[in-house]
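One structure below.
The values are calculated or read from the model by the stated rules, or taken from the named source; none is laboratory data. Predicted model only: the values in this text are computed from it and were never measured. Cβ coordinates were reconstructed from backbone atoms using ideal geometry, including for glycine residues, and neighbour counts include every protein chain displayed. The protein model used for the area step is the full one, side chains on, heavy atoms only, and it has no ligands, DNA or RNA in it. Shrake-Rupley method; radii C 1.70, N 1.55, O 1.52, S 1.80 Å.
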Amino acid sequence: MGASNLVPILACTAMADSDSVIVQRQRVPLVAAPLEGRPTAAFTVDVEDWYQSCVDLDAPITERVVRNVDRIVEILDDAGVKGTFFVQGRVAETFPRMLEELVSAGHEIQSHGYSHRSLFSLDRAALRDELERSVKSVEDACGRRVTAFRAPDFSILAGNLWALESLAEAGFVVDSSIFPQARPRYGIRDWDVAPQRLTLASGAHLLEVPVAVWGRRSVRLPVAGGGYFRVLPMGLVSRALRSIINEGRPVVVYCHPYEFAPDELGDYRGRIPARQRMHQGLGRHAIAKRTRRLLDVLPFGRFDETLAAWGLT
């Protein structure tokens, strides 16, 4: 690996101390082009129940999440694509059969935390408990080892990079939690848009694989999923994703099951503000159609298969 691929040491504050958590950030050399037939893009789903994850973290997990996951699976089946489902631990505990069925169908299961609490809201002890419960609940439900993680709301920020140490201690080897652009609620300014191998102060290593952000000079455009995918012009999204592949890095897109239920928010009328319902509902009626079109743009597959195709694992 040449010196040009090394990223300077990044220091951060770990709660009350000022130890540097990341000793080295190093871009991982990728294959020039994945073999034909192998996925260059990963289709991932953050599996959660909207009201519980976005409004009341103590609310029960409802059947809605199963119905909404079924909608996504139907779209993937029609396209002949297998995906990766980052499953919240409370969902896994409530509906373990759903995870069994996903595994039986050939999809990959990984972790999306346990309670959907933002990682920056937790101290070290609370985060350790959150991660242990997330791993146990998902592994117990699906019967597969969990090795990759995505934080709720991309909640590893510049101020809590110490959480990466906790991920490594919990046994994770791949992370997709850092959003490589500063947004109002999340993201880290100037974080590399390409996958990096992180060497932590403990000596542990993590492969950090950000979701898709398209960079042009000093401008970065988030095109990976969520609200960005629902409202941006489809032609722009397609062009951006192709450009990322042409730049020689994998595309990682994400969605949430509730985005595929356009009328669900109407059930919360009177319980949540109208402005929140409007904001959360933008683009939902079109997302199924847009996703079907997206799956025709690039060879999509599971997260683990995509990383392997690019020589990352």
> What are the residue pairs meeting all of these: first residue in the stretch 39-66, first residue farther than 12 Å from Phe303 by Cα, second residue of a type in the set (A, V, I, L, M, F, W, C) and open to solvent by 30 Å² or more (accessible area, probe 1.4 Å), Cβ atoms under 9 Å, and 6 or more apart or on different chains?
Replying inline: Glu48/Cys54; Ile61/Phe95; Glu63/Phe95; Val65/Phe95; Val66/Phe95
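Each row is one residue, and each column tells you yes or no for (1) open to solvent by less than 50 Å² (accessible area, probe 1.4 Å); (2) more than 15 Å from the chain's Cα centre (by Cα).
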site	(1), (2)
Tyr254	yes, no
Pro257	yes, no
Arg271	no, yes
Ala286	yes, yes
Arg293	no, yes
Asp296	no, yes
Thr306	yes, no
Trp310	yes, yes
> Which members of the stretch 123-157 meet the condition of being of a type in the set (D, E, K, R), open to solvent by less than 40 Å² (accessible area, probe 1.4 Å) and in contact with a strand residue (DSSP E or B) (Cβ under 7 Å, 6 or more places away or on another chain)?
Replying inline: Arg150
>> Consider the stretch 200-213. How many of its residues are of a type outside the set (A, V, I, L, M) and open to solvent by 30 Å² or more (accessible area, probe 1.4 Å)?
In response: 3
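Within 18 Å of Gly301 (Cα to Cα) and either open to solvent by less than 40 Å² (accessible area, probe 1.4 Å) or of a type outside the set (Asp, Glu) (or both), is that true of Gly225?
Here the answer is yes, as Gly225 does meet what is asked.
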>> Please go through the stretch 183-199 and give me each residue that is loosely packed, with under 15 Cβ neighbours inside 10 Å and not charged (D, E, K, R), ordered by number.
In response: Pro184
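Hey, can you tell me all the residues within the stretch 210-235 that are touching a residue at least 12 places away in the same chain (Cβ under 8 Å) and out of contact with any helix residue (DSSP H, G or I) (no Cβ under 7 Å at 6 or more places or on another chain)?
Within the stretch 210-235, the first condition is being touching a residue at least 12 places away in the same chain (Cβ under 8 Å), and the residues that meet it are 210-215, 220-227, 229-231, 234.
Within the stretch 210-235, Pro210, Val211, Val213, Gly215, Arg220, Ala224, Gly225, Gly226, Gly227, Val231 qualify.
So which of Gly311, Gly266 is in contact with a Leu (Cβ under 7 Å, 6 or more places away or on another chain) and either outside any helix (DSSP H, G or I) or closer than 24 Å to Val91 by Cβ (or both)?
Numbers: Gly266 fails: in contact with a Leu (Cβ under 7 Å, 6 or more places away or on another chain).
Answer to the check: Gly311.
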